[in-house]
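Everything below concerns the one structure shown next.
The values are calculated or read from the model by the stated rules, or taken from the named source; none is laboratory data. As the structure is a prediction and not an experimental result, all values here were calculated from the model. So basically every Cβ, Gly included, is an ideal-geometry build from the backbone, and we count neighbours across all protein chains shown. Only protein heavy atoms, including side chains, enter the accessible area calculation; ligands, DNA and RNA are left aside. Shrake-Rupley method; radii C 1.70, N 1.55, O 1.52, S 1.80 Å.
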Amino acid sequence: MRSHYCGQVTAAHIDESVSLYGWAHRRRDHGGVIFIDLRDREGLVQVVCDPDRAETFRTAERVRSEFCLRVRGLVRRRPEGTINPNLATGEIEVLAHELEVLNPSATPPFQLDEENLSENVRLAQRVIDLRRPQMQQNLLLRHRVAMAARRYFDERGFIDIETPILTRSTPEGARDYLVPSRLYPGHFYALPQSPQLFKQMLMVAGFDRYYQITKCFRDEDLRADRQPEFTQIDVETSFLDEAEIRAIMEGMVRTVFGEAAGVALPDPFPVLTYAEAMRDFGSDKPDLRIPLKLTELTDLMKSVDFKVFRAAAELGDGRVAALRIPGGGTSMTRKEIDDCAAFVGIYGAKGLAYIKVNDASKPGEAGLRSPIVKFLREDVLRAILERTGARDGDLVFFGADRAKVVNDALGALRVKLGHEKGHVEAGWRPAWVVDFPMFEWDEEARRWGAMHHPFTAPKDGHEDLLEAAPGRALAKAYDVTLNGWEIGGGSVRIHRADVQSKVFGALGIGPEEARAKFGFLLDALQFGAPPHGGIAFGLDRIVAMMAGAESIRDVIAFPKTQRGQCLLTQAPSPAEERQLRELHLRVREPGKV
């Protein structure tokens, strides 16, 4: 039996006999003495094989990289001058008394310490990739996060309840993954985008406090922080208001970061309204490590002659805002400014005006350099300098368009230049973002859509706005953000049938459609549904942040590529004709009717 993991043998075990299992990380023959670095999930230990034990030495001579080994030996202190301070086991070595090759290995496709490996190679050879120390640390961290969350909820009376993976398609939100039914031709299950409806029904059923660490599925375009299948910490609770739910969930985040990563998050988290976040940062998941803020100028620009600014200011949903870059007037080249203009074009901005501040005491062409200065009155320029707090040597960028375009463009530019120009403070900066709008206008469909989902409750007193002015209605919704990432989002739910009907009405969902899509939930809400609410946290995203990983693929054991493929198993793959016949399906070639 194993007595210790390799990485856990320390100076405290000197003169003890240990039994170890692992893989040969590296083998070195030093002319009569063979050293093997034995590796397991906890780390490395140096094993020494000398000729005095002839059988052990002969076995060591044929060991190669990634052979699976068993070692029994004596722990001893390393000779003077050979201690490795970079290893937890660096003070000791194990003198092998017995060495057994449990299984030899073919030559690995790459060395485990090889750098600059392409992701496709890593994912195609994922088994070997997962042996790399960094990947092992990432998955052990993931385990610690999950266990810390479970302990936290268990201690507070939450019950772990599984919800179905094969369920009904409810076409709200992202595209569903569909699973054909063999027994019911032409009918399909859907893989859940979240357990939302089931966890609400669990509240009606009286379970009071539920949690689950569960797989969810969304057939959507992928990015570095998205996967077609992902894991969330899903929570729901009854009889608590918005602030009480946030307090419990904030405690969970703080506990998980403390226990799993040794990170002390602020207590309490700051709270921003959605309106404040968009006004100051152009984003509902602001990176608060970056002190740069947007400055509101819309009211100021309604009286100027500069048509670009005035036209945007006069739009019903228009905005003119500024972003001050301290020292940017002297540090940023014209090419960098042009690159910023191209960058904001990605977000729909038609251009990017700017002013370089040479002398803030002279608001005019004498103190300010810009193609737009001549179009703005001196009192307006003074107001811009005063509001932005611009000083000599600063650069001020301007966005003027519909508010969404301005927010998206300047919000992204704020993050880009904040990182590139060194305006990022160290540490972890969480925040709650609250008071989201209930609805957002879908220009293409010409109707209102739910900003979160159609079961989110409106703020108290906003029920009448659902019919009279949907765009002004605010929701009891809340997101928790950290360093510019949304790590969790939730809301208080609607538990009254009359309010739910008003929300469906605002969304253009009639009684028949509501019954067809959500009848099982509506029926459940009739039986004394309690006030309830919850949240879901992205486990993959939280672990990726803790690990400092660039992609959540680095904290998932067997992820998909950005094209939704598993390079290890070659999924998705064609189905056999027999399987298709059983499912009453026929594959149609792309482009053919």
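Subtracting the Cα-Cα distance from 0.36 nm times the residue separation, let me have the gained length for Q562 to K350 in nm, one decimal.
73.4 nm
Using only Cα atoms, locate the centre of the range 421-448 and the centre of the range 338-393, then give the distance between them in Å, rounded to an integer.
Comparing the Cα centres of the range 421-448 and the range 338-393, I get a distance of 26 Å.
Around T237, with a cut-off of 11 angstrom between Cβ atoms, what is the net charge of the other residues, counting Lys and Arg +1 and Asp and Glu -1?
Around T237, the charge tally is 0.
Using only the alpha carbons of the range 237-329, determine the length spanned along each of the three principal axes and report them from longest to shortest in whole angstroms.
Dimensions of the range 237-329 along the principal axes of its Cα atoms: 57, 40, 14 Å.
Between T569 and R2, how high is the FRET efficiency from 1/(1 + (r/R0)^6) when r is the Cβ-Cβ distance and R₀ = 30 Å? Nearest 0.05.
Efficiency for this residue pair is about 0.50.
Roll a 1.4 Å probe over the protein heavy atoms and report the accessible area of K356 in Å², nearest 10.
30 Å²
Can you tell me the Rg and Dmax of the range 1-158, counting just the alpha carbons, in angstroms?
Cα only, the range 1-158: 17.7, 63 Å (Rg, Dmax).
Treating only the Cβ atoms of Lys and Arg (+1) and Asp and Glu (-1) as charged, compute the dipole magnitude of the chain about its Cα centre; round to the nearest 20 debye.
Using Cβ point charges on Lys, Arg, Asp and Glu, the chain gives about 980 debye.
Going highest first, how would you order 260-270, 579-589 by mean Cβ packing within 10 Å?
260-270, 579-589
Roll a 1.4 Å probe over the protein chains and send me the accessible area per residue for the range 418-473 in Å².
In whole numbers, the range 418-473 has 54 Å² accessible per residue.
In percent, how large is the relative contact order of the chain, given Cα pairs closer than 8 Å and 6 or more residues apart?
Result for the chain is 13 percent.
Stick to Cα atoms and the Kirkwood definition of Rh, then tell me Rg/Rh for the range 197-353.
1.08
Taking all pairs of different Cα atoms in the range 123-281, averaging 1/r and flipping that mean, what Kirkwood radius in angstroms comes out?
18.6 Å
If one puts a single equal scatterer on every Cα of the range 17-57 and applies the Debye formula without solvent, what log₁₀ I(q)/I(0) results at q = 0.16 Å⁻¹?
Taken in order of the listed q values, log10 I(q)/I(0) reads -0.42.
State the percent of C-alpha pairs, over all pairs in the range 295-437, separated by a distance greater than 25 angstrom.
Result for the distance tail: 27 percent.
If you take the Cα Rg of the range 408-521 and divide it by 2.2 N^0.38 Å, with N the number of residues, what do you get?
Against the compact-globule rule of thumb, the ratio is 1.33.
Please state, rounded to one decimal and in Å, the Kirkwood hydrodynamic radius that the range 66-143 gives when every pair of distinct Cα atoms enters the mean of 1/r.
Taking every pair of different Cα atoms in the range 66-143, averaging 1/r and inverting gives 15.3 Å.
At 37 °C and 0.692 mPa s, grab the translational diffusion coefficient of the range 467-593 from Stokes-Einstein with a Kirkwood Rh over Cα pairs, rounded to a whole number in µm² per second.
This corresponds to a translational diffusion coefficient of 166 µm²/s.
If you keep only loop residues by DSSP, which trypsin sites (Lys or Arg not before Pro) in the range 368-449 have at most 10 other Cβ atoms within 10 Å of their Cβ?
Of the trypsin sites (Lys or Arg not before Pro), the ones in loops of the range 368-449 whose Cβ has at most 10 other Cβ atoms within 10 Å are R446.
Tally Lys/Arg at +1 and Asp/Glu at -1 over every other residue whose Cβ is under 11 Å from the Cβ of L417; what's the total?
So the surrounding residues net to +1.
Treating only the Cβ of Lys, Arg, Asp and Glu as charged (+1, +1, -1, -1), what charge dipole size does the range 226-324 show about its Cα centre? Round to the nearest 20 debye.
Roughly 700 debye for the range 226-324.
Measuring from the lowest to the highest alpha carbon on each principal axis, how far does the chain reach, largest first, in angstroms?
For the chain, the Cα spread along each principal axis is 93, 72, 56 Å.
What is the distance in Å between the Cα centres of the range 556-593 and the range 224-247?
The distance from the Cα centre of the range 556-593 to that of the range 224-247 comes to 31 Å.
Per residue, what accessible area does the range 205-327 have, given a 1.4 Å probe and all protein chains present, in Å²?
Result: 42 Å² per residue.
Tell me what the chain gives for mean residue ellipticity at 222 nm when only DSSP H runs of n ≥ 4 count, each as -39,500 (n - 2.57), the sum divided by the residue total, rounded to 500 deg cm²/dmol.
Roughly -8500 deg cm²/dmol at 222 nm, from the helical runs in the chain.
Which Cα, out of L395, S491, V271, lies furthest along the positive dipole direction of the chain (beta carbon charges, K/R +1, D/E -1)?
Result: L395, furthest along the dipole toward the positive end.
Want the number for E296 to A275: 0.36 nm per residue separation, take away the alpha-carbon distance, what's left?
Net length gain for the segment: 6.3 nm.
Which order do you get for D540, D317, D219, D50 if you rank them by accessible area with a 1.4 Å probe, largest at the top?
My answer, sorted largest first, is D317, D219, D50, D540.
Taking the Cα centre of the range 387-507 as the origin and placing charges on Cβ (Lys, Arg +1; Asp, Glu -1), which of L413, W432, V503 is farthest toward the positive end of the dipole?
W432
Which of the trypsin sites (Lys or Arg not before Pro) across the range 51-134 are loop residues per DSSP, with 15 or fewer other Cβ within 10 Å?
R62, R64
Under a point-charge model restricted to the Cβ atoms of Lys and Arg (+1) and Asp and Glu (-1), what is the dipole moment magnitude of the range 471-516 relative to its Cα centre, in debye to the nearest 20?
200 debye
Taking the Cβ-Cβ separation of E155 and W428 as r and a Förster radius of 25 Å, what is the calculated FRET efficiency to the nearest 0.05?
About 0.60, to the nearest 0.05.
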